[in-house]
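Heads up, the thing below is written out as structure tokens.
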Amino acid sequence: MSYDLDTFVADCRASLAEDSGPAGRDHVRQNLERLLKDEGFTARHVKGAKPGITVLYEDPKLKFQVLAHVNEKARVSPPHDHGASWAIYGQATKYTEMTEWEREDDGGDPKYAKLKPVAKYKLTPGKAGIYEDGKIHSIDYPHYARFLRVTGTNLDKINRIRIDLKSGEVHQMTPQQAT
Ligand SMILES: [Fe+2]
């Protein structure tokens, strides 16, 4: 049975209204995997869409967003967080190599962070991963790797950090800088 954007959004609303914590978010992740397997959806919104980042939906009440990242060029991001929000990444084409990081310092210095990698894996088409509030990750993808993201809120409106791995310097992120 086909699954479309409107049905996905309605399911997100129901899941997050019932439980805005990890259980509700995991329902969103599972439904995102279902959406990514729908060829009608991916043909229209991902594979055949124009390059760039498109907000497919923003919920006026719960504030979550659904974004299509139609990438043309390969990219490696620095480690970054999503501030006081969660983010779910779901792969549509090619792959994204994910690295999850933890701080080795106590987090007391706002300008410096020492990180250690704690997990590294590939998201392949049809697979989605969740990154909870404050978690640090980095992404690395090849040309034409395209994905969807569902975020708890508009990340361009909240404070987020990225970390320079070599120097350990912590920088505030500008909108859409490191996804
Ligand atoms: Fe991210």
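Here, each number is a calculation from the coordinates, and none is a lab measurement. Since we're looking at a predicted model, the values are computed, not measured.
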- request: Translational diffusion coefficient, Stokes-Einstein: compute it for segment 32-125 using the Kirkwood radius over C-alpha pairs as Rh, at 20 °C and 1.002 mPa s, and state it as an integer in µm² s⁻¹.
  value: 136 µm²/s
query: Here are some pairs, Lys37/Lys114; Lys47/Lys114; Lys47/Lys116; Lys135/Lys166; which of them have Cα atoms lying more than 28 Å apart in this structure?
result: Lys37/Lys114; Lys47/Lys114; Lys47/Lys116
task: Quote the convex hull volume per residue of the chain, based on C-alpha atoms, as a whole number of Å³.
output: 112 Å³
field: Per-residue ³J(HN,Hα) for segment 56-71, Karplus 6.51 cos²θ - 1.76 cosθ + 1.60, θ = phi - 60°, Hz, x for Gly and Pro
entry: 7, 6, 10, 7, x, 9, 7, 6, 5, 10, 10, 10, 9, 9, 9, 8
- request: Project the alpha carbons of segment 87-179 onto their principal axes and report the range along each, largest first, in whole Å.
  value: 38, 28, 22
query: Where the Cα atoms of segment 46-89 are projected onto their three principal axes, how long is each span, largest first, in whole Å?
result: 33, 28, 12
- request: May I ask you to list the aspartates and glutamates whose Cα is less than 15 Å away from that of Lys73, ignoring any residue fewer than eight positions away on the same chain?
  value: Glu97, Asp140
